[in-house]
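Below is one structure, written out as structure tokens; the observations come after it.
The values are calculated or read from the model by the stated rules, or taken from the named source; none is laboratory data. On a predicted model such as this, the values are computed, not experimentally measured, just so you know. Protein only, heavy atoms only, side chains kept; ligands, DNA and RNA dropped before computing areas. Shrake-Rupley method; radii C 1.70, N 1.55, O 1.52, S 1.80 Å.
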Amino acid sequence: MVDNTPPGGEGAQLIEVRTAAVPHVVPTLRTIVADIAMRQDFDLDAVEDLRMAVDEACSMLLPSAADGHLTCVFSWKDGRIEVTVSVLSDSPEPDDETGLSWQLLTALATSARRSVTPADGGYLSRVELIRESEAARP
């Protein structure tokens, strides 16, 4: 078992969703992040940015899901939302981080990172994104 938990810190709230790696589950993940963002008083533009960022992260990883599963972890605290989307893949090669999907993802999030690490006889492909509310920024 691979630990997909993002570093949320002391007192962070956490939701982990493990599902089939199929496109029709992505709207559910988008709805979850939108609900979290609204409850954290993010403005409507930031809520929509987070929805699109989760969509892009899932779209980047779904094709490489070797075991047919996708994990999405949402963590939030004090105006900061962290989302980690991961799949177990056969290839150690990350997608091109200069492509349009990556450019869009990095524009929608405060920060984003892509990583591939050996795990369970394959490779754990992971996209981590962070979005902070404007009110939480110094």
Could you check the range 128-138 and list, in sequence order, the residues that are at pLDDT 95 or above and among the hydrophobic types (A, V, I, L, M, F, W, C)?
Leu129, Ile130
Between Thr71, Thr28, Thr98, which is of a type in the set (Ser, Thr, Tyr) and part of a helix (DSSP H, G or I)?
Thr28
Subset of the range 31-48 (residues that are part of a helix (DSSP H, G or I), open to solvent by 30 Å² or more (accessible area, probe 1.4 Å) and farther than 15 Å from Ser75 by Cα)
Leu44, Asp45, Glu48
Pro92 fails exactly one of the following numbered conditions: (1) open to solvent by 10 Å² or more (accessible area, probe 1.4 Å); (2) farther than 13 Å from Arg126 by Cα. What is the number of that condition?
(2)
By residue number, the members of the range 49-76 that are more than 14 Å from the chain's Cα centre (by Cα) and open to solvent by 30 Å² or more (accessible area, probe 1.4 Å) are Pro63, Ser64, Ala66, Asp67, Gly68, His69
Those residues of the range 101-136 which are open to solvent by less than 40 Å² (accessible area, probe 1.4 Å), more than 27 Å from Asp90 (Cα to Cα) and either within 16 Å of the chain's Cα centre (by Cα) or among the aliphatic types (A, V, I, L, M) (or both) amount to Leu108, Ala109, Arg131
